[in-house]
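Only one structure is covered here, and it is reproduced in the block below.
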Amino acid sequence: MTRLLWSTLVINLLAIVMPLYLNAIYDRVIPGHADASLWTLSVVVVLALLVEYVFRMERVKTGCHFLTAMQQRLEPGLIRDLIHVTPDRNNRWGRGVLEAMNNWNRFRMQCLGLFSSSALDLAFSILYFIVIAAIAGWLVLVPIFIFICAIVRVVFYYMESEKIPVLNAQVPFSTGSLENYQATVAYKGASMRFLCANEKAQQSEQARFIAQNKCSASLMALMNMQTVLAVIGAFYLVQSGGMSPAGLFATIIIAGRLGQPVFSLMHLLPNLQRMRQSMTETNQLLSEHYKGSDSELTGYHGPQNGWGISQLDFKYHPSLPCINQLNFRIEPGERVAIVGGAVPERAPY
């Protein structure tokens, strides 16, 4: 985490180099016809851009190291716990376990988006305002006002998207049921079942798509309004001697740079919501499993409340395990078919 913060800080410091370079060119180099200063500043800026590229790659490497550590330390135990979850009604006879594994895969890959997103630059926005205030004086009030409006708009978008349920499109049948549809030539029935099962997910995604594009359009309008207000404010400040004309270009560039993390935050929020929901569902599934395991006895227990086996092990010999952590529960009135694979004649099963 420390490497990530330092890399982000250096990237934001180097991002200010280009606006300062343009301000120096328009304010001093061009009016003074200083060729030597032009080439010196240009070389310094190119070197700064190369250093910025190196630190951006360093931030990507940090994300990869984080993902590797997650796979090595967290993932094995989580997958092992999910595999031990007993299929029952609460997890839709094991389908919830498979969805939890898929959610974990998506969660792990979405973590990389956090490291590649420029939303992290929001933590260092104060640097940009300090530079604008040093160059353009009171003109800094314009980007501060627009920045606050943009953050408020993103907060409203977040509150709106929180009301939209996160529904992932799912395949509503297994391989076996799909084969049954194919065997009975019920292609239309299979298509209708798929469409009906994913209708709510499609409506949810459409509502989220509309809300996101409304927010994006609002942010774009704010950025354009910022340029107009900056030009108007710069006109009167230049007339009164409060800033140099070259400060306007630096202000517009830096203020535009401030808009990038806001847009990134807007696009990142849906992923964060999905990540949070995925981990909530997985934790709920595991907590129900642990709660059920604590309330049950290990081994065989009687039929008055149904038949059940929990964490049953059986070995012919320590080197010949036969059953390893077998779990199942048959409620009263339920009918269960136990099907095994083909075995040779006179097999013990």
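Remarks
- Apart from one condition, LEU78 fits all of (1) exposed (fewer than 15 other Cβ atoms within 10 Å of the Cβ); (2) of a type outside the set (D, E, K, R); (3) over 24 Å from ARG257 (Cα atoms); the exception is (1).
- Selected residue (only one of ASN224, ASN271 is assigned by TED's automatic domain parsing to the domain that holds ILE130, at pLDDT 85 or above and among the polar types (S, T, N, Q)): ASN224
- The test for being hydroxyl-bearing (Ser, Thr, Tyr), in contact (Cβ under 8 Å) with a residue 24 or more places away in the chain and surrounded by fewer than 16 Cβ atoms within 10 Å (Cβ to Cβ) holds for SER216.
- Residues satisfying the stated conditions in the range 80-124, i.e. polar (S, T, N, Q) and at pLDDT below 80: THR86, ASN90, ASN91, GLN110, SER116, SER117, SER118
- Failed item, numbered, when THR86 is tested on (1) among the hydroxyl-bearing types (Ser, Thr, Tyr); (2) exposed (fewer than 12 other Cβ atoms within 10 Å of the Cβ); (3) touching a residue at least 24 places away in the same chain (Cβ under 8 Å): (2)
The values are calculated or read from the model by the stated rules, or taken from the named source; none is laboratory data. Keep in mind that what you see is a predicted model, and the values were worked out from it rather than measured. Backbone-built Cβ (ideal geometry, glycine too); neighbour counts: all protein chains shown.
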